[in-house]
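Novice: One structure is given below, represented as structure tokens, and several questions about it will come after.
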Amino acid sequence: MKDTDIEVLGEDPRKLRRKKRNIQLALGIFAIVLIVIVLFLILRQSKRTSEITSTDETYTPTEGDVGKTVSDSLSVDTIPFTLEEMEINGNKYRCFQLVNAELELALYNDIDTTDTAIVFVTQAANIRGDNNKIIGDFIYKGDSMAKGCPNASTLGFCAIFGGKTIIGKANPTTFLDSAKNDSGFFFRQYALVNDNGFESFESEAKSYRRALCIKDGNVMVVESIDKITLSAFAEALFDYDISNAVNLMGGKNLDEWYVKDGKREVLFINTREPNPNRNYLIFRAK
């Protein structure tokens, strides 16, 4: 090598500057993405706690198409239930809350559609498609109509006896025997909300959802007006401050109606073949 030749040892300084700029650019992009994620999580949490809005309507059965009045002295102070529509986390719901009514179960062959004390009806426990039998333990007026807790989907339960409604998640549970001994009612379904929070489910299928719930000691049926996943439904109930909830039969192919101004307002009709095991959750006015 001649004296006039120059030998550069190490990496070209221009390449080093470009590499430094690239690193700074990457760090800047990462910081922006991180800020966006944090803001999204903050806004999502704020939405859960602030986007619960509602409008209340009160319905009192009176004489009309359903037949005789529930009570000649019925007044606003003795309404059997209230109906509320609301929005939670961007989806619409309706809520039927017991006021001066009792919760019962009824079988297909036993429900009297002319009984005007019945002011709300929806379907309760699921039925197998292959043999038309009720899934999980089912106690009807103290008699065992079905037995078993075949899988995790039936760990949830509702027990109705002695004027009390117990919703929980357990197998076995002493409340089954309590319902049997007190001529009460008991059925199993998916547990959605309990003391430990809300349940999550793998299925992403969307449908119209229903649940029997307890909020601040009040019993109510909450159902989605929009189609949602079961996980989203459970989370919405939890965000609505529901303390305990068990699933009810979902979809639109079921029997569901309520009484408004003495007339039956039909929401859905079950088009399947009649089944003596088809069972209903009903509100009976006191």
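Please treat every number below as a calculation from the coordinates, not as lab data. On a predicted model such as this, the values are computed, not experimentally measured, just so you know. So basically every Cβ, Gly included, is an ideal-geometry build from the backbone, and we count neighbours across all protein chains shown.
Novice: Taking 23 Å as the cut-off for C-alpha to C-alpha distance, list the pairs among Lys263/Lys286; Lys92/Lys215; Lys92/Lys263; Lys133/Lys252; Lys147/Lys215; Lys92/Lys252 that go past it.
Specialist: Working: Lys263/Lys286 18 Å; Lys92/Lys215 18 Å; Lys92/Lys263 25 Å; Lys133/Lys252 20 Å; Lys147/Lys215 29 Å; Lys92/Lys252 16 Å.
Over 23 Å Cα-Cα: Lys92/Lys263; Lys147/Lys215.
Novice: In whole Hz and in residue order, list the ³J(HN,Hα) couplings for the stretch 261-271 that follow from phi through the Karplus curve 6.51 cos²θ - 1.76 cosθ + 1.60, θ = phi - 60°; x for Gly and Pro.
Specialist: Result, ordered by residue: 6, x, 10, 7, 9, 8, 8, 8, 10, 7, 9 Hz.
Novice: In Å and from the alpha-carbon atoms only, list the Rg and Dmax of the stretch 52-285.
Specialist: Answer for the stretch 52-285, Rg first and Dmax second: 16.9, 50 Å.
Novice: Find out how many positive minus negative residues lie around Ile139, taking Lys and Arg as positive, Asp and Glu as negative, among other residues whose Cβ is under 11 Å from that of Ile139. Please list the in-between numbers first.
Specialist: Values: positive: Lys141, Lys147, Lys180, Arg188; negative: Asp137, Asp143, Asp177, Asp182.
Overall, the nearby charge balance is 0.
Novice: Run the simple label-point estimate for Glu87 and Lys206 please: 7 Å along Cα→C-beta, distance reported in nm.
Specialist: About 1.6 nm, to one decimal.
Novice: Ranking request for peptides 264-272, 167-175, 116-124, 235-243: highest mean number of other beta-carbon atoms within 10 Å first, then the rest in descending order. If you can, show how the numbers build up before the last one.
Specialist: On the way: 264-272: 13.4, 167-175: 16.7, 116-124: 23.1, 235-243: 19.6.
Order by mean packing, descending: 116-124, 235-243, 167-175, 264-272.
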